[in-house]
1. Can you give me the Cα centroid spacing of the range B:246-321 and the range A:91-142 in angstrom?
2. Which listed residue (B:Ile261, B:Leu295, B:Thr280) has the Cα farthest towards the positive end of the charge dipole for the range B:207-299, taking +1 on Lys and Arg C-beta and -1 on Asp and Glu C-beta about the Cα centre?
3. How much FRET efficiency would the formula 1/(1 + (r/R0)^6) give for B:Phe99 and B:Ala236, where r is the Cβ-Cβ distance and R0 is 35 Å, rounded to 0.05?
4. Sequence-distant or interchain residues sharing an amide H contact under 5 Å with B:Gly204, placed H: which?
5. Extension gain B:Thr272-B:Ile51, at 0.36 nm per residue separation less the Cα-Cα distance, in nm?
6. Among A:Lys134, A:Lys235, A:Lys76, which one moves the most in a GNM of chain A with springs linking Cα atoms closer than 10 Å?
7. Looking at the square roots a ≥ b ≥ c of the eigenvalues of the Cα gyration tensor of the protein assembly as shown, which shape do they give, rounded for a/c under 1.5, prolate if a/b is larger than b/c, or oblate?
8. Could the peptides B:376-383, A:68-75, A:44-51, A:146-153 be put in order, highest first, of the mean number of other beta-carbon atoms found within 10 Å of their residues?
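The values are calculated or read from the model by the stated rules, or taken from the named source; none is laboratory data. All values derive from a computational prediction rather than experimental measurement. Glycine gets a Cβ as well: all are built from the backbone with ideal geometry, and neighbour counts include every protein chain shown. The protein model used for the area step is the full one, side chains on, heavy atoms only, and it has no ligands, DNA or RNA in it. Shrake-Rupley method; radii C 1.70, N 1.55, O 1.52, S 1.80 Å.
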Amino acid sequence: MKPRDAEQIGLNLRPETMSEVTPTPESHGPEPLVAIRGVSKVYERGRQRIEVLHHVDLDIPEGDFLALMGPSGSGKSTLLNMIAGLDLPTEGSLSVAGHRIDRMSSTELARWRAANVGFVFQFYNLLPALSAQKNVELPLLLTRLSGARRRRNAAIALDLVGLADRASHKPNELSGGQQQRVAIARAIVSDPTLLVCDEPTGDLDRHSAEEVLTLLQRLNREYGKTMIMVTHDPKAAEFARRVLHLDKGILVEQADIGA
Amino acid sequence: MKYLPLLFAALMRKKTRTLLTLLSVAAAFALFGMLDAVRVAFNAPQSVIGIDRLITSSRLSLIQPLPYADLARIQSTPGVEAVTYASWFGGIYQDPKNFFPNFPVEPESYLDMYPELVLPQAQRQAFLKTRTAAIVGEALADLHGWKVGDKIPLRPTIYPHRDGGEVWTFDLVGIFKAAQPELRGSEKQLLFHHTAFDEGRDIGQGTVGWYIVRVEDASKADQVAQAIDRQFANSAFETRTQSEREFQLSFAKQIGDIGLIVTAIMAAVFFTLVLLTGNTMAQSIRERIPELAVLKTLGFTNRAVLLLVMAEALVLLLLGGLIGLALATLALPVIGEASSGQLDVAMRPESWVLGIGLMSTIGILVGLPPALKAMRLGIVDALAGR
Ligand SMILES: Nc1ncnc2c1ncn2[C@@H]1O[C@H](COP(=O)(O)OP(=O)(O)OP(=O)(O)O)[C@@H](O)[C@H]1O
Ligand SMILES: [Mg+2]
């Protein structure tokens, strides 16, 4: 991966350590990239009222790599989905880069997601009939880029995750770890503001998990991508800059791991 | 256009299923193409020449004969220029599948009535003066390898020969051609002497099948037809006088209302097709819910997803349907051949237009329910498999 190529898909090279660039949540620097204020999420099932998130306050500065941990059912995915503009809070406000995403219509949210969020899922969620290259090109279909430009950018992103030689392979011809790297290439190809990962290593063996986590860490450290990752695995969380714990819908503990 | 890979991905996901669906769509539309061509062939005017010709037949039924004595009365009806007559013989040459019309006619007036049947002068003379003579069209002669001088045996289906013969034998003295290529259908008939027919048969002497009338003024054909029928009103043999085209249509209706039969068959076929492709589409979308959720996650709007699924259904229908119509186009000449050229079947532009209209309608019909489902899909629930 040559730095110049990465620049061409918009990934800015930042060799300097993130601590110089990014204020810690407690610092009184500029507006955080993600500002979550008093967010609650309630599901009503007949008379039953399930409060999945309870008045969550959270700031995520630009360039952060946040790991969200917690027991199953604690609301991690729910919170992540809200930050990513996939779900709306019952209460509270959510702003990303100054945009109140909790006030957007579903069409506005779709456009916003296309421009600002990259997704990595536990089960990769690639389209099985498309080659790695075409899967990576998918988000670019929503841009105004020309066909040649789309192919080029997808190739650059694939190169960045170390799979340039697998561009023509279908997902079922790739290992789990390779599929997840294709998914990461798809997530970064449109140079999103935020990268959200829901248990990205949940389905991978230790070795592939480490490859994927190293890649995510590199994207954060070298390219300044802001990342939020949900994980069950404390080893995975070690790759993040800081770890937050959710328990029954409440953020209970913050720990700075440092870079 | 740039969404083509997505469309392709959707269709290629289960190749066998897509192929089978395409095949059933193609089969349905091949059937449609062929049946519609048959329907059009039955309803199409066979000739543009006969606008000044009327056919007088029994009011009761086409197979009910009329007295020979009516000839003079029809002839004397104001507005009538010429009259001739013919009957249905229904003879079979060797095998019933060789079917072609064979009519006893009054040679001179019949040939005068149908100038589009072109017969060399010498052969015409031979036909007029030989009682056992027959003439056939060139297409029919080519089909059976007949030439002038041959004897043609026909096995009667209605009229056994008086001399106990199970066969009527005719001397082929002439071969006529249609004046215009589009009238080649009229070359598929055999004509022989009505007098020979009358003398040879045991039943029905002194009657004719129908009269053919040429009017002086084509624009007054309706009035002349009414005047003829009025003469025979309340007689034992009431008549119905129609234009030649109407007559051909009612002749076809003897076989059945082809339009209605075709419509009924096609309705059943398309009903099955809608159920089949509708089910396939629904199943395909159900299986792809996670994929559709991913597309939405990436920022594809609800509308884009709706259109994508609609496009998928339309592509299946249009691709399969066009293949089907193309197959019909290839098959029709074979069918025309099998009908010994009786049916002038070919794919007409109207069939293409109607076919493409049906493809689009069915595509929308089967695409819309799954498309709406895909559009309303909640991302979070779909991703979580709920
Ligand atoms: N649509 C819904 N209706 C009702 N309850 C829901 C709905 N969606 C989520 N929940 C509930 O919200 C809670 C939190 O779900 P969430 O998926 O955020 O948990 P999680 O922390 O990601 O768990 P896991 O580690 O198992 O993925 C769960 O108890 C779940 O049952
Ligand atoms: Mg979860």
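1. The two parts, judged by their Cα centres, are 33 Å apart.
2. Of B:Ile261, B:Leu295, B:Thr280, it is B:Leu295.
3. 0.60
4. Hits under the 5 Å cutoff: none.
5. Values: separation 221, 0.36 × 221 = 79.56 nm, distance 4.27 nm.
Additional length available on full extension: 75.3 nm.
6. A:Lys235
7. Verdict is prolate for the protein assembly as shown.
8. Result, highest mean Cβ count within 10 Å first: A:68-75, B:376-383, A:146-153, A:44-51.
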